[in-house]
Amino acid sequence: MGYMGKYLDVNLTNGKLNELPIDLKKAEQFIGGKGLGANILYDSLAANVDPLSSENIILFMTGPLTGTSIQTSGRWCIVTKSPHTGIFLDSQVGGKFGHRLKQAGYDYILVRGKSAEPVYLEVSSDGFELHSAIKLWGKGNYETEVDLRKIHPKMEVASIGPAGENLVSYATITTDKTHIAGRGGAGAVMGSKNLKAIVAGGTEAINVSNPNQFARLTRKFGKKVRANPGVKRRHEIGTVMWVRMANEAGFLPTHNFQSGVFKGAENISGERMRDEYVVGHTACYRCAIACGKTTRFTEGMYSGLEVDGPEYETSALMGASCGIDDLGAIAKANAICDDLGLDTITAGGTIAFAMECMEKNILKQRELPDLHFGNAEALHTFLHKIAYREGMGDLFAKGSLIAAKSLGKNSSDFAIQVKGLELAGVEPRGSFGMALAYSTSDRGGCHQRCWTPGAELSGSLTRFSFKSVPKFVKDSQDERAACFSLVLCDFLPFDLPEMVEMLNMTTGFSYTSETYLRAGERIWNQTRLFNVREGMTATNDVLPNRFYIEKAPEGDPKGQIIDKKAFEKAKQEYYSFRNWDSQGIPTQKKLEELNLQF
């Protein structure tokens, strides 16, 4: 129970769609979502498959708790090989699509091959069918969703915009207009297959193993969630509550991570956004947190603009990192990215890199006119050029690492990425824990695998030190891997025993806290095996040179630097906790312990 028991296999090359049973033994071993998707991806692909070739697959995954009465159970995820990094990718998404996919009767959809012409996929409890999407091709996500909802009024839509169609390596998938599978370029994988969208809905019941006990547990848990101070804070302000805190602590990425202190931070803070622009709260399915914020601008250049957001990461990367302190300008960039289908973190990081290249005369004005820190109009223009791969937009559509390799002149020192994925909104010199978390993340410079700033600011971890960090990062990564397999939200406050009990009440499994975390460790090692097979070793678990050679110029971290010897020592300690060898490769003993094969 908790599983629908089947998945849909879609071969776009020959147009064949097959309904097949899921492997329940694998489901128990890898839970669902990220974990089961990682195992399927590893078993389905050979090494070195081109992510944009027909050989790559893309998985639209739910988990055993998706669509149930537990808080934040609307979440789902996409698993594929990333065209932006060339390694494993899972992209976690909110909204209502995951719930509706399960109501259609499926635990996941596996898409392979490539259609000769643009298509979209309809999946419901009444059946499944491919339809022509020729008339949708070229349209933005907003218009695509409106058009598809007219045809399928009771369905949820997951679509790509022009960036995905044009194979921008960090193109996104959008659902419910505002919920984004952002990182790593899953939208480009859909575009490479000529798959414009999936619409899903149905009336199938999502059953649990012990409905009475589960209902009692989820009611009790729901009350706890609503009473949680952190939840109340997120509901009041949203994720942008971190703008002020990050700036005060000195780790708000500023001017392409040259600093962690932004002089215009108060202008883009969550508190100011709440007081002047927020007109409503939005929530995913079954979520009392409702951290989404609808902002409306009634005066000035952006009068008439209404958008869901911006979130913290967008404000950090499109705002502070690009030197922009105008909330309307950031919201406009947010809307452009959501409609065209661009990841705001990677787009912001890549454009901030381009701005610094202009500052250092590596790029010339004739190539990118007026693109400099603080110029919002140039930012907006460049986003369009990237999505349509026009002029210099073609080079930067590949991200900062590839652009730096092309530009040379030591620009790779300040291309702020790990394994090709641009860093999220925490400056590592202000958070040593994130330095190790970024470098060891299974999808590159990601903040969702482990979040250390809270522990560092509270004193649970010592700031500006790697003391206790390796074990903290390892344990957090395992726990998050399991949670993203359920699939539940990053922001959900829970105690491990109660989460395990709800999982067992749903599925009929007999997990303990220990075996649940062991499943998370198994999943983390599975993604590591995938990346090792693609050529990743310890040499890839590193930071950009900026953080090793340039001292933080101001704020709490002033004078701090990531000492390379201390960092490498911490990394080897992390490998030791994982029982990996010195090159970051899981040992045979560890694989046998986790029942994995390389």
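The values are calculated or read from the model by the stated rules, or taken from the named source; none is laboratory data. Here the structure is a predicted model, which means the values were calculated and not measured. We place every Cβ from the backbone using ideal geometry, glycine too, and count neighbours over all the protein chains shown.
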Per the filter on region 404-438, residues polar (S, T, N, Q) and surrounded by 24 or more Cβ atoms within 10 Å (Cβ to Cβ) are GLN417, SER431
In region 331-360, the residues that are farther than 14 Å from LEU401 by Cα and of a type in the set (A, V, I, L, M, F, W, C)
ALA331, ALA333, ALA335, ILE336, CYS337, LEU340, LEU342, ILE345, MET355, MET358
Consider ALA265 carefully, then state whether it is touching a residue at least 24 places away in the same chain (Cβ under 8 Å) and small (Gly, Ala, Ser).
yes
Which of the residues belonging to region 244-292 are basic (Lys, Arg) and not in a helix (DSSP H, G or I)?
LYS263, ARG286
Check PHE221 against each of (1) more than 25 Å from the chain's Cα centre (by Cα); (2) under 27 Å from ALA331 (Cα atoms); (3) of a type in the set (Phe, Trp, Tyr) and name the one condition it does not meet.
(2)
Across region 242-257, which residue is farthest from ALA352 (Cα to Cα) among those that are touching a Ser or Thr at 6+ places or on another chain (Cβ under 9 Å) and surrounded by fewer than 20 Cβ atoms within 10 Å (Cβ to Cβ)?
ARG244
Tally, over region 230-265, of residues that are modelled with pLDDT of 95 or more and basic (Lys, Arg):
2
Give me the residue from region 128-155 that is of a type in the set (S, T, N, Q) and surrounded by 14 or more Cβ atoms within 10 Å (Cβ to Cβ) and, out of that set, nearest to ASN166 (Cα to Cα).
ASN141
Contact list please: Cβ distance under 7 Å, first residue in region 216-231 and over 16 Å from ALA290 (Cβ atoms), second residue polar (S, T, N, Q), pairs at least six apart or on different chains.
THR218/SER69; PHE221/GLN71
When only residues in region 565-580 that are of a type in the set (A, V, I, L, M, F, W, C) and within 14 Å of VAL542 (Cβ to Cβ) count, which is surrounded by the most Cβ atoms within 10 Å (Cβ to Cβ)?
ALA570
Only one of LEU401, LEU371 that is crowded, with 20+ Cβ neighbours inside 10 Å, assigned to a loop (DSSP other than H, G, I, E, B) and either at positive phi or without any contact (Cβ under 8 Å) to a residue 24 or more places away in the chain (or both):
LEU371
Please state which one of LEU59, LEU89 is in contact with a Cys (Cβ under 9 Å, 6 or more places away or on another chain), part of a strand (DSSP E or B) and either farther than 25 Å from ALA288 by Cβ or not assigned by TED's automatic domain parsing to the domain that holds LEU195 (or both).
LEU59
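Residue-by-condition table, conditions (1) within 30 Å of GLU367 (Cβ to Cβ); (2) assigned to a helix (DSSP H, G or I); (3) touching a helix residue (DSSP H, G or I) at 6+ places or on another chain (Cβ under 7 Å); (4) not assigned by TED's automatic domain parsing to the domain that holds THR239:
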residue: SER412; (1), (2), (3), (4): yes, yes, yes, no
residue: GLY433; (1), (2), (3), (4): no, yes, yes, yes
residue: LEU457; (1), (2), (3), (4): no, yes, yes, yes
residue: LYS467; (1), (2), (3), (4): no, no, no, yes
Counting just the residues of region 260-312 that are of a type in the set (S, T, N, Q) and over 24 Å from the mean Cα position of the chain (by Cα), which one comes out surrounded by the most Cβ atoms within 10 Å (Cβ to Cβ)?
ASN267
If ALA320 satisfies all but one of (1) among the aliphatic types (A, V, I, L, M); (2) over 26 Å from ASN256 (Cα atoms); (3) crowded, with 18+ Cβ neighbours inside 10 Å, what's the number of the condition it fails?
(2)
